[in-house]
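Have a look at the structure below before the remarks.
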Amino acid sequence: MSEVQDDVQEFAALLRRLKERTDRSYGQLARRLAMNTSTLHRYCAGDAVPVDFAPVERFAALCRATAEERLELHRLWILAVAARQRNRTASAPATDSAVAVHDGSLPETAEEPQTRQSLPEEPAPNSSPRRPWYRRRRLLVTAAVATALLATLGSLSALPDDDRSRASDSVRGADPTRTTTAGPRPTPTAWPKPSSTSPSPGASHTKKPSPKPTATAGSPSKGTGRQRPSTGLPLTWSANSHVWQAGCGHDYVISRPPQQVPPPPAPQDARTWAASLSAVHGRQTMVEISVQGRTSTAVVLEALRVRVVGRSAPVAGNAYAMDHGCGGALTPRYFDVDLDMDRPIARPVRGNDSGTPIPAMRLPYRVSAEDPEVLLVDARTTGCDCSWYLELDWSSQGRTGTVRIDDHGRPFRTTSIGALPRYAYDTSARTWGPYS
């Protein structure tokens, strides 16, 4: 029994190590694997072993297991399944009566010897066994049909040639007065099946057209549950580019003096405040992208790319800081983008929660209607006024595509603050002053 537990627990231990490598809970993993949360927890705890390796393979892929780890996981799964089977075999009762009932035979009783004595003796090995009644009946019917056929052929052969021709025609159901011509016989055609009601003498024998089918070719039939794959975009997204560092730190470049700039807004009002002043993101633009599938079918986010469509000299004006600096205990994971590179890329960076690291989000990643995801992009520049947007590649049910993520139809815009005058708002004096 200890050997059985060792094999199962070794398999469960590898599952737990793979699970701890991710930042997802049992519930999040179970939703992506289309299984119950308690079932996945029992597998990882060693309380149960899956009878099929398919869910284990999906679990390994979701946890980004290496090829060697997948081979080891398959080997341990085989040992765990075999151990559970040995355990069930050893614990099952092995009595004769149980085996007899399982095989479909009844257990012997005290009256069986008398029943066997009342049965007729088996025939000798050299004697032919007697056929069952249903086989004997088939032979009698066959012999009767053969006798009737021979009698009919004999009576036909005794007739003259002229009478024999008429008789044979009457047997075939043909008109005895028709004339026959020499030559090969025509190929017989299939006669239509007679209808259940005999037609009237004046009725036409034209065939009525069959009703047209209600479903067109290729369309799903009612009641089958099959649906034609959708041709539209399988996911939805929204983007917010006015996200501040730790909820309070951000810079805007505005071509106005401090006396004409209103106080800093609340973070939720930043878009309206910046649009009214024609403000441009200074030094940094943080974009929060919410991605969700339209249905429960999984959509795989394959890659996130950066497209810079314009570079120019930094915007002239003043830099206005939204605070004197703040920070929080939580730093979310994000994609870092250096806009000053010739070909900027979105590099995944891990986060931090009060000293506990948060693993970086690496694509590909799956989303659905029940399991949305938020992508945070942190784009920075120190030397240009950059216009850019993002491209998100997706795949679902054999289809692939790319969505453009921008600022309501326009590219995102980030400018360097360089040596621009920088101001901060003094809440006590209710005025903008030099940043210190």
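Some observations on this one:
- Panel order for 53, 59, by other beta carbons found within 10 Å of each beta carbon, from fewest to most: 53, 59.
- Once both labels are positioned 7 Å from their Cα atoms along Cα-to-Cβ, the gap between residue 69 and residue 37 label points is 2.3 nm.
- Both the radius of gyration and Dmax for region 2-91 are 12.6, 40 Å, in that order, over alpha-carbon atoms.
- For the pair residue 362 and residue 57 in one chain, pulling the backbone fully straight at 0.36 nm per residue adds 107.9 nm over the alpha carbon distance.
- For region 235-434, the fraction of C-alpha pairs more than 31 angstrom apart is 23%.
- Efficiency of FRET from Cβ geometry, residue 303 and residue 342, R₀ 22 Å, rounded to 0.05: 0.70
- Spin-label model, residue 259/residue 296: points 7 Å from Cα along the beta carbon direction are separated by 6.5 nm.
- Stretchable slack from residue 21 to residue 84, in nm (0.36 nm times residue separation minus alpha-carbon distance): 19.9 nm
- In sequence order, region 52-64 has phi-based couplings of 10, 7, 4, x, 5, 5, 5, 4, 5, 5, 5, 8, 6 Hz under the Karplus curve 6.51 cos²θ - 1.76 cosθ + 1.60, θ = phi - 60°, and Gly or Pro positions carry x.
Values in this text are rule-based calculations from the coordinates and carry no lab data. All values derive from a computational prediction rather than experimental measurement. Glycine gets a Cβ as well: all are built from the backbone with ideal geometry, and neighbour counts include every protein chain shown.
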